[in-house]
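Chemist: Below: one structure in structure tokens.
Bear in mind these aren't lab numbers, they're just calculated from the coordinates by the rules spelled out. It should be emphasised that the depicted structure is a prediction, and the values quoted were computed from it without experimental measurement.
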Amino acid sequence: MSIIISRLFDDYVTASEAVRALEAAGVRHNDISIVASNAEGWYAPDRSAASRVDRDRDGTDDRAEGAATGAGLGAALGGAAGLLAGLGLMAIPGIGPVVAAGWLASTLAGAAAGGATGGVIGALTQMGVSDEDAEVYAEGLRRGGTLVTVRVSDADRARLEAVLDRSAVNLRDRSLAYRQSGWSRFDTSSAPYTADQVKRERNLYRRSAA
């Protein structure tokens with residue numbers, strides 16, 4: 001019997017490193033899902049000369065950087081091609097544009113096509129995530145974060161949670177920080193964060209950790 005574990009990361013780069021660690025630990029691509037904010041426009045779906053993937057915001061397409069170092073597209077994007085080959089863009093009410101791949105992405109796409117709101121929260125709570133945690137995950141995505149969700153066996157749960165916890169956000173601490181700033185719950189009518197707001201949000205937690 002499989003169970004679901006989810007973790008929030010402050011950015012796609014950190015989350016993709018966690019995905020690689022999961023794969024190295026033996027987790028199948030089909031059991032991993034990633035949903036990342038695209039508020040900064042780092043991912044574009046077409047591969048024309050005008051579009052680029054620029055996670056590190058250095059002005060250079062990461063795919064070109066990867067090619068220069070002998071890395072394939074999957075490595076340049078920060079994860080195994082098996083999972084990330086299915087990356088796609090969608091818009092989620094209250095969160096804005098996200099880049100997603102894996103089984104949770106399919107669930108969210110179906111909810112969006114059906115006009116459902118709060119798709120992230122509904123999908124997570126149906127999988128057994130508490131309402132409170134689902135609200136924080138959704139708000140974390142809205143503020144520029146990335147959600148990694150994995151199907152694991154109960155026997156592997158502790159081992160794989162430890163893999164994710166090396167770099168994941170402490171959800172209790174993050175929830176407290178949100179609430180101290182006046183946040184109470186995820187609201188699908190909220191305006192998505194801009195690239196500048198995402199940058200300020202990340203800097204806030206970098207200073208707190210220093």
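Chemist: For Ser181 and Met1 in one chain, what is 0.36 nm times their gap in residues minus the Cα-Cα distance, to one decimal in nm?
Modeler: Answer, rounded to one decimal: 60.8 nm.
Chemist: Skipping prolines and chain starts, which residues have an amide H placed within reach, meaning under 5 Å, of the one on Tyr193, given they are 5 or more residues away or on another chain?
Modeler: The answer is none.
Chemist: Quick one: 3J(HN,Hα) in Hz for the range 25-37, Karplus 6.51/-1.76/1.60 with θ = phi - 60°, rounded, Gly and Pro as x.
Modeler: Karplus-based 3J(HN,Hα) across the range 25-37 equals 7, x, 7, 6, 3, 5, 9, 10, 9, 10, 10, 10, 4 Hz.
Chemist: Can you work out the Karplus-derived ³J(HN,Hα) for every residue in the range 121-126? Use 6.51 cos²θ - 1.76 cosθ + 1.60 with θ = phi - 60°, whole Hz, and x for glycine or proline.
Modeler: Per residue, the Karplus-derived 3J(HN,Hα) values read 5, x, 5, 5, 5, 5 Hz.
Chemist: Mind listing the Cα extents of the range 125-164 along all three principal axes, in Å, largest one first?
Modeler: 32, 21, 12
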